[in-house]
Amino acid sequence: ARSAMQISFHLVDVFAEQPLTGNPLAVVPGADPLDEPAMPEIARELRQAETTFLFAPRQPPAAWLLRSFTAGGVEVFGAGHNSMGAWWWLAESGLLKLTDGRNEFTQEIGDRSLPVEIDVVGQRPRSVTLTQAAPAFGRTHSDLDSLAAALGLNPADLATKLPAQVVSTGASHLLVPLRSREAIQRARPDADRLTSILHAAGGQGCYLFSLDPVSPAAVAHARFFNPGVGLVEDSATGSAAGPLACQLIACGICKEGEALAVEQGHEMGRPSLLTVCVSDGVVKLSGRCVIVASGVLRL
């Protein structure tokens, strides 16, 4: 008989200042003994927005290799909430050598090695900053009637001064500008229709945004849908906030070098704030997290 394997897991609320807000993430450290089929199965069992597994790195100087799966068991590769929560857990776990001030590390995600900065005050993490891939601007979607219908909205709800465009900083998402926060709240996507539009445009998820946020600290209000990977709605999407900041700068609405905050998750009752800074084409995503639970998987 095979002996049972016990592996710890932790739940982290990402882009959150207090427990039970932000975007939940499961972190599974010490994942090296797991075989390939176990990871999507564990992600389906834990049923968080994403589950991130921590491995010994393949490519020095990376400190850790991260692999992330959605609740539907689909592997994803952007450096967003999946990576932010894992590094916050590492910072609080004692597995990293940290000094007060800025601590620099490298993470391996897919075939990329990306920088991570952890700001520490009094031996506690104050923020985690992830460098994303350089922005890549993809296709625009010009058929606003079909897009509005897929979102359960009227064509008049879509803003026309900005393009509906696929932009990537590691994961390709279709950014869709709406005229108002009220229109965003009314959106009721049709999963099949939206999936086919995303597929044709080369986008993974759909990021709706408007420039009338609730918080005076934010530049945009957003919602994220990714029906293709079984993600009905996401409360904080770092891999989409990075592209949005790049598009707002490219369109002259925001300036390079400024910290741009995007609010998300309000419609889900999990308000989140994501901060992006773009300088000389380098995209950096910052946030804070809260560890809310720990447990043991018996496999």
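The values are calculated or read from the model by the stated rules, or taken from the named source; none is laboratory data. Note that the coordinates shown come from a computational prediction; the quantities given were computed from them, not determined experimentally. Virtual Cβ from ideal backbone geometry, glycine too; neighbours counted across all protein chains shown. Ligands, DNA and RNA are excluded from the accessible area calculation, which covers all protein heavy atoms including side chains. Shrake-Rupley method; radii C 1.70, N 1.55, O 1.52, S 1.80 Å.
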* Structure fact -> Packing-ranked peptide list from 163-174, 220-231, 285-296, highest mean Cβ count within 10 angstrom first, is 163-174, 220-231, 285-296
* Hey, any idea what Rg/Rh is for region 163-220, computing Rh the Kirkwood way over Cα pairs? -> 1.00
* Asked: How large is the Kirkwood hydrodynamic radius of region 170-299, in angstrom, based on all distinct alpha carbon pairs?
  -> 15.5 Å
* Structure fact -> If unit charges are put on Cβ atoms (+1 for Lys and Arg, -1 for Asp and Glu) and the dipole of the chain is taken about its Cα centre, the option from SER168, SER279, GLY94 lying farthest towards the positive end turns out to be GLY94
* SER3 versus ASP212, label points 7 Å from Cα toward the beta carbon: distance in nm? -> 6.3 nm
* Asked: Which sequence of GLU258, GLU263 reflects their accessible areas, 1.4 Å probe, from the largest down?
  -> GLU258, GLU263
* To do: With label points built 7 Å along Cα→Cβ from the Cα atoms of ARG186 and LYS255, find their separation and express it in nm.
  => 3.6 nm
* Structure fact -> Heavy-atom accessible area of GLU267, protein chains in place, probe 1.4 angstrom, given in Å² to nearest 10, is 60 Å²
* To do: Could you rank the peptides 234-242, 114-122 by their average count of other C-beta atoms within 10 Å per residue, with the highest value first?
  => 234-242, 114-122
* How about LYS284: which aspartates and glutamates have a C-alpha closer than 14 Å to its C-alpha, ignoring those fewer than 8 places off in the same chain? -> GLU104, GLU117, ASP119, GLU256, GLU258
* Asked: Which length gain, in nm to one decimal place, applies between VAL282 and ARG126 when the Cα-Cα distance is subtracted from 0.36 nm times their residue separation?
  -> 54.0 nm
* Wrap a convex hull around the Cα atoms of region 131-197, take a quarter of its surface area, and give that in square nanometres. => 5.0 nm²
* Asked: Which value in nm describes the separation of the simple spin-label points at PHE55 and PHE137, placed 7 Å from the Cα toward the beta carbon?
  -> 3.6 nm
* Could you give the size of the charge dipole of region 140-263 about its Cα centre, using +1 on the Cβ of each K and R and -1 on the Cβ of each D and E, expressed in debye and rounded to the nearest 20? => 100 debye
* About the Cα centre, charge dipole magnitude for region 5-98 (Lys/Arg +1, Asp/Glu -1 at Cβ), debye -> 180 debye
* **Anchor LYS255: aspartates and glutamates whose Cα lies under 15 Å away (excluding residues fewer than 8 positions away in-chain)** => ASP280
* Structure fact -> For region 127-138, Karplus-derived ³J(HN,Hα) couplings (6.51, -1.76, 1.60; θ = phi - 60°; whole Hz; x for glycine and proline) come out as 7, 10, 10, 9, 8, 8, 5, 4, x, 10, 9, x
* So how long is each side of the chain along the principal axes, counting just the alpha-carbon atoms, biggest first, in Å? -> 59, 47, 33
* **Label point 7 Å beyond Cα of ALA293 along Cβ direction - residues of region 12-41 with amide nitrogen under 13 Å** => 12-13, 20-21, 24-27
* What's the local net charge at ARG223, with K and R +1, D and E -1, over the other residues with C-beta under 9 Å away? -> -3
